[in-house]
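One structure is given below, encoded as structure tokens.
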Amino acid sequence: NHKIAPDMVKPGDVIIVNGDIARHGIAVMAVRSELSFESEIDSDCAPVSNQVTELLNAGIEIHCLRDLTRGGVASAMNEISAAACLNINLFEGKIPVRQDVKGACEILGFDPLYVANEGRFAVFVPETQSKKTLEILKANSIDGEPEIIGEVCGKGDGRVILKSTLGTSRIVEMLS
């Protein structure tokens, strides 16, 4: 038996999402508010049990696994970093957000990191198992391309830092 929990996260772990983010929240908002965009944004709603089962069956050392529904990536990363007392670096250029979703977020004033997901999770694994984890997730994906979005740093105050594509950094706060 293997414990999967935030306190199992270790420095050097990589953070992988099983597909693009923010689609569900934008799709729901568009329907509720009767918004229309150039392309129809569909929800990322999908079962995740098969992907998780395949990771476990392959012996992937999952340190932590988190559903990204409420509060999106930002909230999940903040909760895990605080519980583990470790800092997390996220890489903006690696976080998969579809172009239509990114555009809708810009128009509506939302940060995709805080938008709800459905059928998306983040998994923390040792860097040495990242390639195999990506292969398993891709082979068992319904509609998303898995991606390494960040890494766990050494002991810290539980801070989440976003490294931008411009080379700057910003603190990713918890969703209020």
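The values are calculated or read from the model by the stated rules, or taken from the named source; none is laboratory data. This is a predicted model, so every value here is computed, not measured. Cβ coordinates were reconstructed from backbone atoms using ideal geometry, including for glycine residues, and neighbour counts include every protein chain displayed. Heads up: the accessible areas ignore ligands, DNA and RNA and are worked out on the full protein's heavy atoms, side chains in. Shrake-Rupley method; radii C 1.70, N 1.55, O 1.52, S 1.80 Å.
Summary table
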read-out: Ranking by accessible area, most exposed first, for Leu56, Leu134 with a 1.4 Å probe; value: Leu56, Leu134
read-out: Amide H contacts under 5 Å for Ile21, placed H, 5+ residues apart; value: Val97, Arg98
read-out: Per-residue HN-Hα couplings for the stretch 66-77 [Karplus 6.51, -1.76, 1.60; θ = phi - 60°; Hz; x = Gly/Pro]; value: 9, 5, 9, 5, 7, x, x, 4, 4, 5, 4, 5
read-out: Electrostatic dipole magnitude of the chain [Cβ: Lys, Arg +1; Asp, Glu -1; Cα centre; debye, to 20]; value: 520
read-out: Value of [θ]222 nm, deg cm²/dmol, for the chain, DSSP H segments ≥ 4, -39500 (n - 2.57) each, nearest 500; value: -9000 deg cm²/dmol
read-out: Of all accessible heavy-atom area on the chain, the percent that carbon and sulfur account for (1.4 Å); value: 51
read-out: Computed FRET value (nearest 0.05) for Gln99 with Asp67, which takes r as the C-beta separation and R₀ as 25 Å; value: 0.50
read-out: Ranking by accessible area, most exposed first, for Arg66, Arg170 with a 1.4 Å probe; value: Arg170, Arg66
read-out: In Å², nearest 10: area of Glu135 left accessible to a 1.4 Å probe; value: 110
read-out: Per residue value of the accessible surface for the stretch 90-130 (all protein chains in place, 1.4 Å probe), Å²; value: 44
read-out: Residues whose placed amide H lies under 5 Å from that of Arg120, excluding near-sequence neighbours; value: Leu68
read-out: Calculated on alpha-carbon atoms, Rg and Dmax of the stretch 61-133 in Å; value: 13.4, 40
read-out: Angle between the chain longest axis and helix 23-32 axis [Cα atoms, degrees, rounded to 10]; value: 30
read-out: Listed values (i) 15.3, 42; (ii) 17.6, 49; (iii) 15.7, 49, entry calculated as Rg and Dmax of the Cα atoms in Å; value: (iii)
read-out: C-alpha long axis of helix 99-108 to longest principal axis of the chain, angle in °; value: 70
read-out: For Leu86, residues with placed amide H under 5 Å, excluding near neighbours; value: Gly156, Gly158
read-out: Candidate lysines for bridging to Lys138, where Cα separation is under 21 Å - those fewer than 8 sequence places away on the same chain excluded; value: Lys94
read-out: Per-residue HN-Hα couplings for the stretch 140-155 [Karplus 6.51, -1.76, 1.60; θ = phi - 60°; Hz; x = Gly/Pro]; value: 10, 7, 8, 7, x, 9, x, 8, 7, 10, x, 8, 9, 9, x, 3
